[in-house]
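The values are calculated or read from the model by the stated rules, or taken from the named source; none is laboratory data. None of the values given here were measured: they were computed from a predicted structure. Glycine also receives a Cβ, built like all others from the backbone with ideal geometry; neighbour counts cover every protein chain displayed.
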Amino acid sequence: MRPRGGEGRGGEGRGRAGGALGSAVMALSAGDEALVRALWRKMGSNVGVYTTEALERIVLAFPSTRIYFAPLDLSPGSMQLRAHGKKVAAALSVALGHLDDLPDALSALSDLHTRQLRVDPTSFQLLGHCLLLTLARHYPGDFSPAMHRALHRFLTHVAWALASPCG
């Protein structure tokens, strides 16, 4: 189940996540979910394009993350980076379809990234930040404060699930 907690200001649910992130994970309201789903539908088949751009941003803005992509050609627009961007897009789409049980839905990816690849949990948050910037750039008319909050909460949930110990 997704993290839930008591009611905060304005009726926003607040949850506390354990795991590697150790920070508060805000529960998505029905309105948040609706906003994220609407943007996802609008992006359509371009989700991979935007996740690729977010990957390009993370390796440029946060060079320490390059270590996790060592075998890939990290030049902008490379086939390998685009292929990985499509994998990220697919994982985010799976996450959006399983908001009520993200840890289970993303357990294989969590295991791969945390146990085998030993990705620093902060990197998931950084990628989420880069994706937020990318989506704000491509969808400025849709990127209201409410959309920003909804996407931030969604991406925080995904980062929490990926960083959480599984099994």
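It is to be established whether one or more residues within region 98-118 are within 15 Å of Val36 (Cβ to Cβ), of a type in the set (A, V, I, L, M, F, W, C) and at pLDDT 95 or above. No, that holds for no residue. Just one of the listed residues (Arg149, Arg115, Arg153) is among the charged types (D, E, K, R) and more than 24 Å from Ser29 (Cβ to Cβ), namely Arg115.
Taking region 62-72 as the range and being assigned to a helix (DSSP H, G or I) and either farther than 14 Å from Ser123 by Cβ or not polar (S, T, N, Q) (or both) as the test, the residues that pass are Pro63, Arg66, Ile67, Tyr68, Phe69.
Every residue, every condition in (1) of a type in the set (Phe, Trp, Tyr); (2) farther than 19 Å from Ser123 by Cα, yes or no:
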site: Trp40; (1), (2): yes, yes
site: Leu60; (1), (2): no, no
site: Leu74; (1), (2): no, no
site: Lys87; (1), (2): no, no
site: Leu102; (1), (2): no, no
site: Ala105; (1), (2): no, yes
